[in-house]
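Asks: Below is one structure. I have some questions about it.
The values are calculated or read from the model by the stated rules, or taken from the named source; none is laboratory data. On a predicted model such as this, the values are computed, not experimentally measured, just so you know. Cβ placement follows ideal geometry from the backbone for every residue including glycine, while neighbour counts extend to all protein chains displayed. Note: accessible area is taken over every heavy atom of the protein model, side chains too, but ligands, DNA and RNA are not part of it. Shrake-Rupley method; radii C 1.70, N 1.55, O 1.52, S 1.80 Å.
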Amino acid sequence: MDGCLTGGDMLGLTGNDTDHAEIRELLKKATAQAKEKNYDSAISSLLRAHELMKTCSTEWGIRAYFRVARYHHLAGRYDEALQWLQQLHDNVDADADAREVLYKAWGWRQKGGFAKVSKKLRSTSKRLIKEEIELLKTRQQKIETRKRKIKA
């Protein structure tokens with residue numbers, strides 16, 4: 001199945017092919033808003049895109065979700081950035097399980113039954129998020145070091 005979930009199904013989920021276009025537009029909009037340093041609007045655009053991604057058949061890589069943390073950090077909200085990434089990490093399995101429910105509703109099959117999100121993909125996602133957390137911490141340390149040098 002290509003596109004986002006269309007019509008209704010036994011889970012009561014709805015969506016349509018225009019969701020793909022809306023997701024792309026929201027991602028572009030967030031980039032433009034961030035370039036203008038309007039980080040709160042950029043984050044709002046990304047969060048709306050993320051909601052649409054949840055029921056879209058296109059698989060979005062975990063890195064698509066990192067921009068929220070980056071924009072929080074650029075806005076000077078390190079703690080919120082760190083919290084976003086930690087929450088993303090903590091929810092990998094629950095999000096993957098929810099995705100599997102959609103696979104079943106869509107009738108997606110693989111050898112041995114309905115499509116699954118592999119353990120390898122789950123662990124890779126968690127590893128990438130941890131790496132992003134470490135990168136965020138490193139960036140923050142550099143910022144704090146620069147601030148101390150300026151004060152000295």
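Asks: How many residues, within the stretch 31-40, are in a loop (DSSP other than H, G, I, E, B) and either in contact with a Pro (Cβ under 7 Å, 6 or more places away or on another chain) or free of Cβ contacts under 8 Å to residues at least 12 places away in the same chain (or both)?
Replies: 2
Asks: Please specify each residue of the stretch 44-56 satisfying the condition of being in a helix (DSSP H, G or I) and basic (K, R).
Replies: Filtering the stretch 44-56 for residues in a helix (DSSP H, G or I) gives 44-53.
Residue satisfying the conditions is R48 alone.
Asks: Can you spot a residue in the stretch 134-148 that is under 27 Å from H20 (Cα atoms) and either open to solvent by 70 Å² or more (accessible area, probe 1.4 Å) or touching an Asp or Glu at 6+ places or on another chain (Cβ under 8 Å) (or both)? Don't jump to the end; show me each part of the working.
Replies: Filtering the stretch 134-148 down to residues under 27 Å from H20 (Cα atoms) leaves none.
No, the stretch 134-148 has no match at all.
Here's the yes/no breakdown for (1) of a type outside the set (A, V, I, L, M); (2) outside any helix (DSSP H, G or I); (3) at pLDDT 95 or above:
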{"site": "K29", "(1), (2), (3)": "yes, no, yes"}
{"site": "A42", "(1), (2), (3)": "no, no, yes"}
{"site": "T58", "(1), (2), (3)": "yes, yes, no"}
{"site": "R63", "(1), (2), (3)": "yes, no, no"}
{"site": "A69", "(1), (2), (3)": "no, no, yes"}
{"site": "E80", "(1), (2), (3)": "yes, no, yes"}
{"site": "L85", "(1), (2), (3)": "no, no, yes"}
{"site": "H89", "(1), (2), (3)": "yes, no, yes"}
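Asks: Let me ask something additional. Does any residue in the stretch 105-120 that is free of Cβ contacts under 8 Å to residues at least 60 places away in the same chain come within less than 6 Å, Cβ to Cβ, of a residue that is hydroxyl-bearing (S, T, Y) six or more places away or on a different chain, and which pairs are these?
Replies: Within 6 Å, the pairs are F114/Y103; A115/Y103.
Asks: Let me ask something else. Quick one: which of G61, G76, G107 is small (G, A, S) and under 20 Å from R122 (Cβ atoms)?
Replies: Unique residue meeting the criteria: G61.
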